[in-house]
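Chemist: Sharing a structure with you now.
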Amino acid sequence: MEIQGGKKEYDKGCISLFRILFLPLLNIPSGHHHVADVMKRQLETCETEIQCEKVDLLSFSYGKLENLVSSAYLYWIHRFPNLYSSLYKFAAVKERKAEHRFFAYELFFLAKMKQLIDEAKPDAIICTHAFPSYLLSRLKQMRIWDGLAINVYTDYFVNSLWGMKWIDYHFAPSVHVKNHLASMGIKESQIYITGIPIDPVFQTQRGNRDKKEKLTVLVSGGNMGAGSIRRFIFMLQPSGNIQYKVLCGTNEKLFQYVKQHNDPYIEPLTYITSKEEMNRLYEEADAIITKPGGVTISECIAKDLPIFVYDALPGQEEQNLRFLKEECLVQELSNWDRGINPEKEMLRVLKSDIKDHQSKKEQYKQQIELTDPHSFIIHHLKKLKRA
């Protein structure tokens, strides 16, 4: 290992075949899956023989039950957001000891987790969701499995379900999360600030922004086009100063709604699978309006793109928004649902406050300690193999 510029980097080297298991949760498109997919692709393209597999534990354990749980989750957060928010704060935000037990989860899933590990035979397990992380930590504590266990946090806070004490390494998105983990008794040598992992294509800086008569603003509702985005679009009332491009994700109804809205300044875009195409849109944009999902926000911070938040889904996005506002990384559009045109507020911010917000993004990026987590993983797999 060598230290360059105060940031930890690891040499890449040829090693024998290693198996790495990624564990998000549920099969709906989410930051947990995006981060797992990004890390999986990068590890598989290293100069090493690495075999990666991504598994949803719920589908593995109980098959079609996953579809029911995913549908129930989406229905709940849209139809009863306040109830979901309250229960999430009680279940996931409430402070607990690092070794707190969740016996019901263990009863139904601990044996299934062991079965998955027995079948996959991984050398390392990377958890991008709290639920499998908790179960993995218990198996490590019971000495049932002794491979390399890593938590990769995909939001800007840590909910209380994550496995802690028996996880080998923690990839944290910020100093704030690192300090929280340390307060839970995790050794500082086990915590590395990586940011939320994103595709390398988004790490390139945007070019100089030439002044132009009409600005371009992306509007994102997430991959599923979820949230109150339709109501927000109705309230936009474009003046002609901004061309809006709405990322509709897989939400065909949203795409048709925007299309039928028939406003020349609001253009709907279908689900974009190409990272290069998404990066091009970031490059062309002057700002983005979005929800505070960890991956989207991280991509926009990397691109130094001004970020406006119009809504937050109950649960983790609410917690993300709290952190992002405190750190001045985003600007909340808080009055649009009271009949106030959000475009005026955006234009005011873009003309006046934007330099301060951009400097905050630079400060955030300077916190990164581990610039190459993939080589870090390989380095420690080699150490385990030698041991």
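The values are calculated or read from the model by the stated rules, or taken from the named source; none is laboratory data. Small disclaimer: the values here were computed from a predicted structure and weren't measured. Counting neighbours? That spans all protein chains shown, and the Cβs are built from the backbone with ideal geometry, glycine included. Note: accessible area is taken over every heavy atom of the protein model, side chains too, but ligands, DNA and RNA are not part of it. Shrake-Rupley method; radii C 1.70, N 1.55, O 1.52, S 1.80 Å.
Chemist: Of the conditions (1) assigned to a loop (DSSP other than H, G, I, E, B); (2) more than 30 Å from Glu284 (Cα to Cα); (3) open to solvent by less than 10 Å² (accessible area, probe 1.4 Å); (4) not aliphatic (A, V, I, L, M), Asn151 satisfies every one except a single condition; which number is it?
Modeler: (1)
Chemist: Quick one: would you say Gly31 is on the phi > 0 side of the Ramachandran plot and open to solvent by less than 50 Å² (accessible area, probe 1.4 Å)?
Modeler: no
Conditions tested, residue by residue: (1) assigned to a helix (DSSP H, G or I); (2) at pLDDT 95 or above.
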residue: Glu106; (1), (2): yes, no
residue: Ala111; (1), (2): yes, yes
residue: Arg143; (1), (2): no, yes
residue: Asp146; (1), (2): no, no
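Chemist: Of all residues in the range 343-381 being surrounded by fewer than 17 Cβ atoms within 10 Å (Cβ to Cβ) and of a type in the set (Lys, Arg), which is modelled with the lowest pLDDT?
Modeler: Lys355
Chemist: Just to be sure I understand the filter: pairs with C-beta atoms under 6 Å, separated by 6 or more residues or on different chains, first member in the range 19-36 and touching a residue at least 60 places away in the same chain (Cβ under 8 Å), second member open to solvent by 20 Å² or more (accessible area, probe 1.4 Å) and of a type in the set (Asp, Glu). Which pairs pass?
Modeler: Filtered contacts from the range 19-36: Arg19/Asp123; Leu21/Glu53.
Chemist: Now for a different question. I'd like the full set of residues that are open to solvent by less than 10 Å² (accessible area, probe 1.4 Å) and in contact with a strand residue (DSSP E or B) (Cβ under 6 Å, 6 or more places away or on another chain), limited to the range 154-175.
Modeler: Within the range 154-175, Ile167, His170, Phe171, Ala172 meet the criteria.
Chemist: When the residues of the range 254-295 are narrowed to those that are in contact (Cβ under 8 Å) with a residue 12 or more places away in the chain and among the charged types (D, E, K, R), which ends up surrounded by the most Cβ atoms within 10 Å (Cβ to Cβ)?
Modeler: Lys291
Chemist: Condition check: of a type outside the set (Val, Ile, Thr) and under 18 Å from Pro29 (Cα atoms). Does Asp155 satisfy that?
Modeler: When the stated conditions are applied, Asp155 passes them.
Chemist: Here are the criteria: (1) out of contact with any Pro (no Cβ under 7 Å at 6 or more places or on another chain); (2) outside any loop (DSSP other than H, G, I, E, B). Tell me which single one Tyr88 does not satisfy.
Modeler: (1)
Chemist: Can you tell me which residue within the range 256-290, out of those that are among the hydrophobic types (A, V, I, L, M, F, W, C) and either over 26 Å from the mean Cα position of the chain (by Cα) or farther than 24 Å from Lys303 by Cβ (or both), is modelled with the lowest pLDDT?
Modeler: Val258
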